[in-house]
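Encoded as structure tokens, the structure appears first; notes follow it.
Every number here is computed from the coordinates shown, using simple stated rules; none is lab data. As the structure is a computational prediction, the values presented were derived from the model and not from experiment. All Cβ positions, glycine included, derive from the backbone under ideal geometry; neighbour counts span all protein chains shown.
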Amino acid sequence: MPSMKVAIAGGTGAVGVPTIQELLAVEYSVTVLSRTGSKSSSKLPQHTNLNVVEVDYESITSLTDALRDHTVVIACFGVAAPVGSQDALIDASIAAGVTRYFPAEFGTDTENPKCKEFPIFANKIHALDYLKQKVAVYPSFSYTALCLGSLFDWGLEVGFLIDPKKHRATIYDGGERLYSTTTLATVSKAVVSIIGHLEETKNRHVYIQDALVSQNKLIAVVQKLDGKDWECTYTTCSAAKARAYAELQKENPGIRKGLFPLLHISVLGEGYGGDFSRHLDNKLLGIKGMDDNDVENLIKKYL
Ligand SMILES: NC(=O)c1ccc[n+]([C@@H]2O[C@H](COP(=O)([O-])OP(=O)(O)OC[C@H]3O[C@@H](n4cnc5c(N)ncnc54)[C@H](OP(=O)(O)O)[C@@H]3O)[C@@H](O)[C@H]2O)c1
């Protein structure tokens, strides 16, 4: 049984829950940090190696107490409530003697200069800059930013990039551009594998994918499976970006009009680095990837 303890902050969301299940399956002790008063822990499995600790994310003392004896901290704050500052959690991780910190990434390439410009990623970029400063000062502390592109099964469920249930999509720049996509099961396995390869994954972005797809390719798979017509809207990334920026100026911007189009562009816009296939860490982490049959079988589940 692995002796190290892993803490997950915001572990009750889309990425956190399967990651916790995978960590428990390989017998890590897992601590979930949850906001004081949150009711989200009902989403977690019952397990003797799983503890939930309520924390005040503003208090470095509260966080440090919760993180004592932990080797790894994984930040899994969400998209819907945009990722807030991770400074206190990073400071507490260092104070508690944590070895590896996973910032709340799990998406597109935040090393890419065009992605870095998007306001929706400002907090992620801030956290990365903060981590880079800290690892230079504290050599026993380190980070890994896990980039997986677009979440494949999550996206099929919520209709991100294509909506197979409603047979609807907004097609960007003709729909042929290839992008990396990864299932939640692979993400959780990658996290466990990174913890098993701490030295090789130290202080850098790590890139994984299950498949390289395009919007047109996925729609063609759905059409082959069910033969139904699609209702597609066609746009360009530059027009969609202008509309999304205008939406984000509003007092209460809509998630689907402001946030989602910029996320889409960060996945498949030209020059945003959404095709990871030339610099993957799949081999290091033991990720096999999906072939066309696997892709078809996954999509079948979402029709
Ligand atoms: N690549 C993709 O396609 C994709 C898709 C989805 C997400 N992601 C990424 O994956 C990561 C996790 O996202 P997610 O969707 O799994 O998260 P989520 O479900 O939105 O949130 C996860 C948890 O964070 C906690 N939380 C919510 N608001 C908070 C706040 N203001 N401060 C502190 N904690 C808060 C909640 O836990 P408690 O109630 O227990 O405190 C919540 O259950 C993010 O970095 C996101 O960008 C990527």
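Structure data summary
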{"read-out": "Helical mean residue ellipticity (222 nm; -39500 (n - 2.57) per DSSP H run of 4+; nearest 500) of the chain", "value": "-10500 deg cm²/dmol"}
{"read-out": "Whole-number percent relative contact order across the chain, with pairs defined as alpha carbons under 8 Å at least 6 apart", "value": "17"}
{"read-out": "Qualifying GluC sites (Glu not before Pro) in region 203-303, DSSP loop, other Cβ atoms within 10 Å at most 15", "value": "Glu251, Glu270"}
{"read-out": "Per-residue ³J(HN,Hα) for region 287-303, Karplus 6.51 cos²θ - 1.76 cosθ + 1.60, θ = phi - 60°, Hz, x for Gly and Pro", "value": "9, 7, x, 10, 8, 4, 5, 4, 4, 4, 5, 5, 4, 3, 5, 10, 8"}
{"read-out": "Kirkwood Rh and Cα Rg combined as Rg over Rh, evaluated for region 121-193", "value": "1.12"}
{"read-out": "Nearby aspartates and glutamates by direct alpha-carbon distance to Lys257 (threshold 19 angstrom, same-chain neighbours under 8 apart not counted)", "value": "Glu117, Glu157, Asp163, Asp173, Glu231, Glu247"}
{"read-out": "Table column - 3J(HN,Hα) (Hz), region 243-251, Karplus curve with 6.51, -1.76, 1.60, x for Gly and Pro", "value": "5, 5, 4, 5, 4, 5, 6, 5, 5"}
{"read-out": "Count, lysine Cα pairs under 28 Å in region 108-214, 8 or more residues apart or across chains", "value": "19"}
{"read-out": "Fraction of alpha-carbon pairs over 35 Å apart in the chain - percent", "value": "19"}
{"read-out": "Contact order relative to length of region 1-145, as percent, for alpha carbon pairs under 8 angstrom and 6 or more apart", "value": "21"}
{"read-out": "GNM top mover of Ser277, Ser62, Ser42 - the chain, alpha-carbon springs below 10 Å", "value": "Ser42"}
{"read-out": "Amide H contacts of Val32 (H built 1.01 Å from N, under 5 Å, at least 5 apart or other chain)", "value": "Ile8, Asn51, Val52, Val53"}
{"read-out": "Under 16 Å from Lys250, Cα to Cα: lysines that are on another chain or at least 8 residues apart", "value": "Lys241"}
{"read-out": "Rel. contact order, % - alpha carbon contacts under 8 angstrom, at least six apart, region 139-247", "value": "39"}
{"read-out": "Bridge type composition, region 79-232 - antiparallel percent by DSSP, nearest 5", "value": "25"}
{"read-out": "Two-decimal Rg/Rh across region 159-277, once Rg and the Kirkwood Rh are taken from alpha-carbon atoms", "value": "1.03"}
